[in-house]
Amino acid sequence: MSKKETLSEGKRQILSGNTALAEAAVRAGCKFYAGYPITPQTAITEYLSERMAETGGVFVQAESEVAAINMVLGASAAGARAMTATSCQGLSLMAEGMSSLAAGRIPGVIVDVQRGGAGTGAILPSQCDYSFVTRSLGHGGLHAYVFGPSTVQEIVDVTGRAFDIADEYRTPVLILTDGVLGLMMEAVTLPEFKEDIPDREWKIEGREGLRPKMMTGDNVKPPIAQENRLRDIFVPMYEEWEQDPLYEEVETEDAELIIAAWGSVARVAKTALKELREEGYRVGMIRPISLYPFPTQAFRSLDPAKVKNIVVAEHALPPQLMFDVDHAVQGRIPLTSCTHSSGVLLSPDEIADACRKLL
């Protein structure tokens with residue numbers, strides 16, 4: 001029995017984060033996938049090795065992550081919705097390709113199922129790629145739109161949105177999960193197959209009789225032309241993104257302390273928040289869903305006369321999310337970091353204890 005026969009729209013079913021993401025990509029119109037195995041991402045590549053053929057797409061197991069990202073660039077430039085997936089070290093190898101996608105204004109979806117540590121690191125979950133993907137896509141200073149989902153259902157939802165944003169803005173879009181979200185299983189509802197995929201008038205076509213099209217790098221243009229392109233296209237695009245970041249607020253109305261967390265750590269933080277509320281503490285949470293654009297205003301609008309502290313919980317050491325929160329509050333509210341890394345996971349008790357000490 002094929003995967004197509006076992007998965008249906010509108011029906012609740014239990015799927016892992018990796019499987020749900022892969023199926024959501026297919027239903028969003030992904031017609032090209034190139035990937036290279038790496039734990040804990042490999043299940044995405046394995047699933048799509050069969051599923052792409054079932055839905056009329058193309059699957060390639062690339063010889064490396066460098067090859068995979070450049071195959072995505074080529075397939076997307078030719079008009080296909082294209083995706084790749086990797087984990088940490090593989091993302092480092094994709095840096096030049098991601099920068100080229102951004103510079104060429106070529107859509108593409110890149111999934112990073114994060115694992116711990118620098119270098120070869122560990123295969124256990126982490127959030128250590130946050131700064132890597134939110135500051136700049138490799139060299140050049142350009143950005144991707146970055147999602148940080150917190151549940152398997154949210155993974156499904158942002159995957160469809162990722163392909164739409166990639167097409168609308170002609171940009172790479174990243175989805176950051178981790179070994180927790182990638183392997184855990186939850187009930188999800190899958191969307192219907194997307195039918196109204198926009199045509200790319202700018203795509204490269206090689207058919208006889210069509211007007212030739214060529215994509216060139218900025219290095220062949222004079223410096224002022226490169227600068228004007230940045231001012232006219234990229235800066236306004238990023239400013240538009242920043243007007244509508246995605247985030248969730250939980251119990252913030254009367255909160256004296258705010259927990260900031262994203263992704264899998266936000267799940268742990270919600271458990272800690274519930275426990276603290278039951279004890280009578282006024283605690284709330286702000287959870288970024290889009291990591292770039294970051295919900296700066298959600299934090300900046302906090303009243304320091306009411307909110308006395310912010311606990312930033314994350315699986316990154318040194319902290320990374322903490323610097324965006326710090327930039328947002330501009331020193332008006334003290335921050336406390338609550339972290340583990342390299343596969344050591346935070347517990348609800350640790351986050352709750354960090355809050356109790358401040359309260």
Practice item. With runs of 4+ DSSP H residues as the only contributors, calculate the mean residue ellipticity of the chain at 222 nm using -39,500 (n - 2.57) per run, divided by the residue total and rounded to the nearest 500. Key: -11500 deg cm²/dmol
Point to revise | Non-local Lys pairs in the range 3-242, i.e. 8 or more apart or on different chains, that have alpha carbons under 19 Å apart | key: 10
Revision key, fill the gap. Here the relative contact order (percent) of the range 248-358, from C-alpha pairs under 8 Å and at least 6 apart, is 31
Review point. Among all the aspartates and glutamates, which ones have a C-alpha under 13 Å from residue 306's C-alpha, if same-chain residues fewer than 8 places away are not counted?
Key: 253, 254, 256
Point to revise | Highest to lowest packing among 128-135, 50-57, scored as the average C-beta count within 10 Å | key: 128-135, 50-57
Exercise for review: With everything on Cα atoms, drop me the angle between helix 17-27 and the longest principal axis of the chain, reported from 0 to 90° to the nearest 10.
Suggested key: 40
Point to revise | Fraction of antiparallel bridges per DSSP, the chain only, in percent to nearest 5 | key: 25
Point to revise | the range 3-242 - percent relative contact order, Cα under 8 Å, separation 6 or more | key: 25
Point to revise | Protection proxy ranking, peptides 113-122, 229-238, average beta carbon neighbours within 10 Å, highest first | key: 113-122, 229-238
Review point. What would the Debye formula give as log10 I(q)/I(0) at q = 0.14, 0.17, 0.22 Å⁻¹ for the alpha-carbon point model of the range 249-359, no solvent?
Key: -0.47, -0.71, -1.25
Check your understanding: Based on the mean of other beta carbon atoms within 10 Å per residue, what is the order of 261-269, 177-185, most packed first?
Key -> 261-269, 177-185
Point to revise | Geometric extent, Cα atoms of the range 107-212 - Rg, Dmax (angstrom) | key: 16.9, 53
Check your understanding: In terms of the ratio Rg/(2.2 N^0.38 Å) built on C-alpha atoms, what value belongs to the chain?
Key -> 1.01
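Where a number appears in this text, it was derived from the coordinates with a stated rule and is not lab data. Just so it is clear, the structure is predicted and the values come from calculations on it, not from any experiment. Positions of Cβ are generated from backbone atoms using ideal geometry, with glycine treated the same way; all protein chains shown enter the neighbour counts.
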